[in-house]
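Some notes on the structure that comes next.
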Amino acid sequence: MNNQSTPPKPRFGNDGTVHVPAFELPPSELSSPQARAAQAMRAKMPERIPQPDLDIAVVRAGLEAMLAPQVAAMRELYPVDIAEHAIGDVTTQIITPHSKPHDEQRVLINLHGGAFSMCADACALLESIPVASLGGYKVIAVDYRMAPEATHPAAVQDLEIVYRELLKNYQARHIGIFGCSAGGSLTAQAAAWLPAHRLPQPGAIGIFGAGAVRFSAGDSAHITAYIDGTFPAPPKPGERAMDITRGYFAGADMADPIISPALRPDVLAQFPPTLIITGTRAMDMSPAIYTNSQLLKAGVRSTLIVGEAMGHCYIYQPQLPEARDAHQAIVNFFRENLH
């Protein structure tokens, strides 16, 4: 006789809303032992409570301090040299492989994550270090203007300044652009912005931890709010959304073809080959999957990697085999397409 109780089933509302019963999500047996161990460690971590009203200087300093051990681990695994350099009036960090030559004909631009308001140092390094070291590339991490001091399109304008300067020494087809989270979104914006301003597309782009539509769109933002918890669920009708960007998109139309190019097939059709990386427990999974589908429909070569049991920007965690696999996939993608 089976003594197991029948689990409750979801209920479906007339408007299509699914009322999901409480359930337990065990660690995935398809994830690495390191990933399962990291998931278990979350039981010992304090609950993450968003504090959007905290002074931005405090938030930025706190995040840099929190990520410093990960940056150190990344540098140990992937040795690089780092130098600050101004391009036009934009501050950048130049990351190159340590003790070995880098590709002189090809260059990558990194647009860092950080909710359009923070993480100009740590996130840029976590994204750029493995690509520079593994691939033998010079990576230029752009310290673009952020909120609350600036609003859209300040960041993509700063990218344009850097890109125009690089075009003086590099062919467009030898330039790649990539970023994670806000940087992934900005990379998609760049691929819409550059041709709109009569500039050639780069040879390839990488959209990681994001898609070419707003972050809260689709199923994954709702689901991962309850299985990951890093980001709050989108607001219910009548509720006010928490602005994690600190006003970066204030007054902007989020369906604008620069901000959400995945909504415009004619804009997507101009995109270069694109690599998209997300995770099954990432709030950005729906935007990433939708962007990949729309790119393929528009006739653009698009490659989608979805990390099993991985969360938002899992490429920041060098201890995970899944992250190291993604680092190699990024390098392979740019080697194949910057020709």
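The values are calculated or read from the model by the stated rules, or taken from the named source; none is laboratory data. All values derive from a computational prediction rather than experimental measurement. Cβ atoms come from the backbone with ideal geometry, glycine included; neighbour counts cover every protein chain shown. Each accessible area value is taken on the protein alone, full model and side chains, heavy atoms only, with ligands, DNA and RNA left out. Shrake-Rupley method; radii C 1.70, N 1.55, O 1.52, S 1.80 Å.
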- HN-Hα J in Hz across the stretch 273-278 - Karplus 6.51, -1.76, 1.60, θ = phi - 60°, x for Gly and Pro: x, 10, 10, 10, 10, 8
- Message: For a test of the definition: using alpha carbon positions, the gyration tensor, and the 1.5 limit on a/c, classify the stretch 152-306 as rounded, prolate or oblate.
- Response: prolate
- Query: In what order, largest first, do 174, 312, 19 sit by accessible area if the probe radius is 1.4 Å?
  - Reply: 19, 312, 174
- Task: Sort out for me the Cα centre separation of the stretch 240-259 from the stretch 284-339, rounded to whole Å.
- Result: 24
- Solvent-accessible ranking of 216, 31, largest area first, probe 1.4 Å: 216, 31
- Note on the structure: Over all directions, the chain yields a Cα convex hull whose mean projected area in nm² is 19.6
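Over the chain, what is the relative contact order in whole percent, taking alpha-carbon pairs under 8 Å and six or more residues apart? Mind showing how you got there, number by number?
Details: 667 pairs, mean separation 57.3, N = 339.
Computed over the chain, the figure is 17 percent.
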- Excluding residue 53 itself, calculate the net charge of residues whose Cβ lies under 13 Å from the Cβ of residue 53, where each Lys or Arg counts +1 and each Asp or Glu counts -1. -1
- Task: Answer with one residue from 315, 268, 137: the one whose Cα lies farthest towards the positive end of the charge dipole of the chain, charges on Cβ with Lys, Arg +1 and Asp, Glu -1.
- Result: 268
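As a check on your grasp of the helix formula, calculate [θ] at 222 nm for the chain: sum -39500 (n - 2.57) over DSSP H runs of n ≥ 4, divide by the residue count, round to the nearest 500. Show your work: numbers first, answer last.
Values: 9 runs with 116 residues, N = 339.
Counting only the DSSP helices, I get -11000 deg cm²/dmol.
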- Query: In terms of modelled amide H atoms, which long-range or inter-chain residues lie less than 5 Å from the amide H of residue 303?
  - Reply: 274, 275, 276
- Exposed-loop cut sites defined as GluC sites (Glu not before Pro) in DSSP loop states with at most 12 other Cβ within 10 angstrom; longest site-free run of the chain spans 240-339
- Task: Name all residues of the stretch 220-258 having a backbone nitrogen under 15 Å from the label point set 7 Å from the Cα of residue 58 along its Cα→Cβ direction, giving them as ranges.
- Result: none
- Task: Using a cut-off of under 16 Å, list every residue of the stretch 267-297 whose amide N is near the label point 7 Å from the Cα of residue 196 along the Cα-to-beta-carbon line.
- Result: 267-272
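Provide the FRET efficiency to the nearest 0.05 for the residue 255-residue 104 pair, computing r from the beta carbons and using R0 = 45 Å.
Rounded to the nearest 0.05, the efficiency is 0.65.
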- Just the accessible area per residue of the chain, please: how many Å² with a 1.4 Å probe? 49
- Query: When the scattering of the stretch 234-339 is computed by the Debye formula from its Cα atoms alone, each counted once and equally, what is log10 I(q)/I(0) at q = 0.17 Å⁻¹?
  - Reply: -0.99
- Modelled FRET efficiency - R0 25 Å, residue 72 with residue 165, Cβ distances, 0.05 increments: 0.20
- Item | Evaluated at q = 0.14, 0.15, 0.16 Å⁻¹: base-10 log I(q)/I(0), Debye formula over Cα of the stretch 97-240 | -0.69, -0.78, -0.87
- Taking protein heavy atoms only, a 1.4 Å probe, and rounding to whole percent, the accessible area of the chain owed to carbon and sulfur comes out at 54
- Run the dipole for the chain about the Cα centre, Lys and Arg Cβ at +1, Asp and Glu Cβ at -1, nothing else charged, and hand back the magnitude in debye, nearest 20. 580
- Round to the nearest 10 and give me the degree value, 0 to 90, for the angle of helix 154-166's Cα axis relative to the longest principal axis of the chain. 40
- Message: Given Cβ point charges of +1 (Lys, Arg) and -1 (Asp, Glu) and nothing else, what value in debye, to the nearest 20, does the dipole of the stretch 24-168 about its Cα centre take?
- Response: 380
- Message: Relative to 2.2 N^0.38 Å, what does the C-alpha radius of gyration of the stretch 128-179 come to as a ratio? Two decimals please.
- Response: 1.29
